[in-house]
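The values are calculated or read from the model by the stated rules, or taken from the named source; none is laboratory data. Everything numeric in this text was worked out from a predicted model, so none of it was measured. Reconstructed Cβ throughout: ideal geometry from the backbone, glycine too, with neighbour counts over all protein chains shown.
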Amino acid sequence: MRLALGALLLIHLVVSPGCAAVIVAGGATAAVVANDRRTLGVLIDDENIEIKARARIAGDETLRENVHVNVTSLNGVVLLSGETAAAEQRDRVLARTRDVPGVRRTVNEIRIAAPAPFASRSHDTLLTTKVKSRLLATENLDSANVKVVTESSVVYLMGLMKKDEAEKATEATRDVGGVERIVKLFEYLD
């Protein structure tokens, strides 16, 4: 009976791809929440900070051209990375972000330059993947506690970490070819 019920459930999931996606996404979300040192409330707050900051930036007409900015929040610390064509645009991005509810601190890593081309962004994505893979393979380090952001071959490491964990993460990142600089934005637990 259980086998038949399991087979019916499997058939239903295959025929209803939306349901399977919901189940898989729900399971993945539960795994992320279970492995994160932040509480569920802080995870939600960080997501809301990112959404609100991006919306404020997108809603500013002066920031629609020649701007490429990433917003990353971890425990209320917001990393702004990317490029703006002019200092005035960068200042407007900062102003739009700083007063978002829940932001404790803003780290400005926005460069004054033309937005990075697709090839550069693709290279950054590859570097992020390599760093995450290296962190995953590092002994005595829970890579789920390290958020990795890469912009123009500069790797930003964020997380709630013990000092020895942060050092392991930094050392593992140093071993990845193509990383030009590492910026540590850890909050230490000890």
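Could you give me the residue pairs with C-beta distances under 6 Å whose first residue belongs to the stretch 141-167 and is free of Cβ contacts under 8 Å to residues at least 60 places away in the same chain, whose second residue is among the small types (G, A, S) and surrounded by 21 or more Cβ atoms within 10 Å (Cβ to Cβ) wherever it lies, and which are 6+ apart or on separate chains?
Here the result reads V146/G159; V146/A169; L157/A169, each pair linking the stretch 141-167 to a residue that is among the small types (G, A, S) and surrounded by 21 or more Cβ atoms within 10 Å (Cβ to Cβ).
Please state which one of A86, A169 is outside the structural domain of R64 (by TED's automatic domain parsing) and out of contact with any Cys (no Cβ under 6 Å at 6 or more places or on another chain).
A169
P101 is checked against (1) surrounded by 13 or more Cβ atoms within 10 Å (Cβ to Cβ); (2) assigned to a loop (DSSP other than H, G, I, E, B) and fails just one. What number does that condition carry?
The single condition P101 does not satisfy is (1).
Table: residues versus (1) in contact with a Leu (Cβ under 9 Å, 6 or more places away or on another chain); (2) over 26 Å from L40 (Cα atoms); (3) outside any loop (DSSP other than H, G, I, E, B); (4) not small (G, A, S).
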site	(1), (2), (3), (4)
R92	yes, yes, yes, yes
E109	yes, yes, yes, yes
A119	no, yes, yes, no
L126	no, yes, yes, yes
E165	yes, no, yes, yes
A169	yes, no, yes, no
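State all residues of the stretch 61-97 that are more than 24 Å from N145 (Cβ to Cβ), surrounded by 18 or more Cβ atoms within 10 Å (Cβ to Cβ) and either in contact with a Pro (Cβ under 6 Å, 6 or more places away or on another chain) or hydroxyl-bearing (S, T, Y) (or both); if no residue qualifies, say none.
Listed by number, the residues that qualify are H68, E83, T84, T97.
Could you please give the count of residues in the stretch 135-179 that are farther than 28 Å from F118 by Cα and not acidic (D, E)?
11
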